[in-house]
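Heads up: the structure comes next, in structure tokens.
Coordinate-derived values only; no laboratory data. Quick caveat, the model's predicted, so the values are computed rather than measured. All Cβ positions, even for glycine, are placed from backbone atoms using ideal geometry, and neighbour counts span all protein chains on display.
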Amino acid sequence: MTTSDRASAMDAFLDRSGWGQADRNPLAGDASTRRYIRLVDGDRSAMLMDAPAAAEAPLCPPGASPEERAELGYNATARLAGSNLVAFAGLSNALCERGFSAPKILAADFEHGFLVLEDLGDDLIARLLPQQLHEGTIYALAVDVLAAIYRSTFGDHVSAGGEDWPLLAYDETALMAEADLFVDWYLAQHAGIELSDDERAEWHRLWSAAFKRLESCAPGLVLRDFHAENLLYLPDRDGEASLGLLDFQDALMGHPAYDLVSLLEDARRNVDRKLAVPLKARFVEQAGISDPAGFDAAYAVLGAQRNAKILGIFVRLAVRDGKQRYLDLLPRVARHFVGDLQHPALMELNLWIKAHAGAVLLDAHK
């Protein structure tokens, strides 16, 4: 679809949905192919999500083998939703039905990739800290929301507009593909380090062993990008609904420590390190985790995996997409990564990093 054709499709969609006369105010872009436009019509407002359907690689078919997923590309291997709006809308519906504050779907055109969403405002907690919110209090609320999501029951799919989106497992294939971004982008493109076949095979062996730690508790819904710039403060709502949720379309069923790591080991802001221990304990209690030591080991494994992924993604955004600002975030993420590797569950991986990836240790000390 040409740019002019897409603009015409957008105009037609907004006319059909009753927003054709609204003023359109684009929001700043993020790291994805989606864009957002605030619609203002008198005293009412909404958000337009524009997600071109052909903008990204193919998705993961349920039941596809690791080899089939690899042939389809990264989105299928890592089980990302890409620009599929049924995923976003279905998950939004499911979260709202359970009392959480995801943006409600006001209108949808799945064929062309448009949604009109409830406008939850601009009060991202990252913008309100520390002047307008107490860090410990708002992070405790976020932990309570995560525990409540984990306690909630989700089926094997979500639905929107008569279409289903499967809730797949956050399996080893997806986790490994993400970890490999560290060697493919951070090491190869940023540090200039090319691994031998044997070194890469050892990298995979060590991660595969570490992922066994993720069997310590039952899987739950993992939103995969739960951090201060994707969370909104909604003081007019009560309890867990006072935290607005954004950017959850890639959700899978996996270990609940993943989203907690996303929150506490934020790539974009420094979270008070003194909060980590009490907030982890708060989550373990409220989520009903019966093996705190096993949870702590899984937290370290997923922290290392997520931070390895982010190091790779940030270099990819800089090198491939020209978004150089992401390089400024590497030292913080490297510090998180190196810190996670100190857990006894990751001793061998820590030794591998020291032997083959010393660049990340240098970044961690910047």
query: What shape does the stretch 44-97 have by the C-alpha gyration tensor, where a ≥ b ≥ c are the square roots of the eigenvalues, rounded means a/c under 1.5, and otherwise prolate means a/b greater than b/c and oblate the rest?
result: oblate
- prompt: Which number do you get for Rg(Cα) / (2.2 N^0.38 Å) in the stretch 73-174?
  reply: 1.25
query: Lysine pairs in the chain 8 or more apart or on different chains: how many have alpha carbons under 29 angstrom apart?
result: 16
query: What does the convex hull of the Cα atoms come to per residue for the stretch 140-189, in Å³?
result: 165
query: Efficiency by 1/(1 + (r/R0)^6): what FRET value for L234 and T153, r their Cβ-Cβ distance, R0 = 25 Å, to the nearest 0.05?
result: 0.55
query: Under a point spin-label approximation (7 Å from Cα along Cα-to-Cβ), what is the E215-D123 distance to one decimal in nm?
result: 4.6
message: How far apart, in nanometres, would the label points at A355 and S208 be if each is projected 7 angstrom from Cα along the Cα-to-Cβ direction?
response: 1.7
- line: Relative to the chain, whose Cα atoms define the longest principal axis, helix 197-211 and its Cα axis are tilted in degrees, nearest 10, by 70
query: Once the stretch 1-105 is represented by equal point scatterers at the alpha-carbon sites, with solvent omitted, what log10 I(q)/I(0) does the Debye formula produce at q = 0.16 Å⁻¹?
result: -0.89
Sparsely packed trypsin sites (Lys or Arg not before Pro) within the stretch 50-141, loop by DSSP, other Cβ within 10 Å at most 11: none
- prompt: Pick from L351, L117, L329: which residue has the top mean-square fluctuation in a GNM of the chain where Cα pairs under 10 Å get a spring?
  reply: L351
message: Classify the chain from the C-alpha gyration tensor, please: rounded if a/c falls under 1.5, else prolate or oblate depending on whether a/b exceeds b/c.
response: prolate
The stretch 3-364: antiparallel DSSP beta bridges as a percent of all, rounded to 5: 95
For the chain: relative contact order, % (alpha-carbon pairs under 8 angstrom, 6 or more apart): 16
field: Between helix 135-151 and the chain: long-axis angle, C-alpha atoms, 0 to 90°, nearest 10
entry: 90
- request: Using θ = phi - 60° and the Karplus relation 6.51 cos²θ - 1.76 cosθ + 1.60, list the HN-Hα couplings for the stretch 6-17 in order, rounded to whole Hz, with x at every Gly or Pro.
  value: 5, 4, 5, 5, 5, 4, 5, 5, 5, 4, 4, 8
statement: Between the modelled labels at Q21 and L362 (7 Å from Cα along Cα→Cβ) the distance in nm is 6.2
field: Residues of the stretch 79-118 with amide N under 11 Å of a point placed 7 Å along Cα→Cβ from T2
entry: none
task: For the stretch 224-322, just say rounded, prolate or oblate: build the C-alpha gyration tensor, square-root its eigenvalues into a ≥ b ≥ c, call rounded for a/c under 1.5, and beyond that prolate if a/b exceeds b/c, oblate if not.
output: oblate
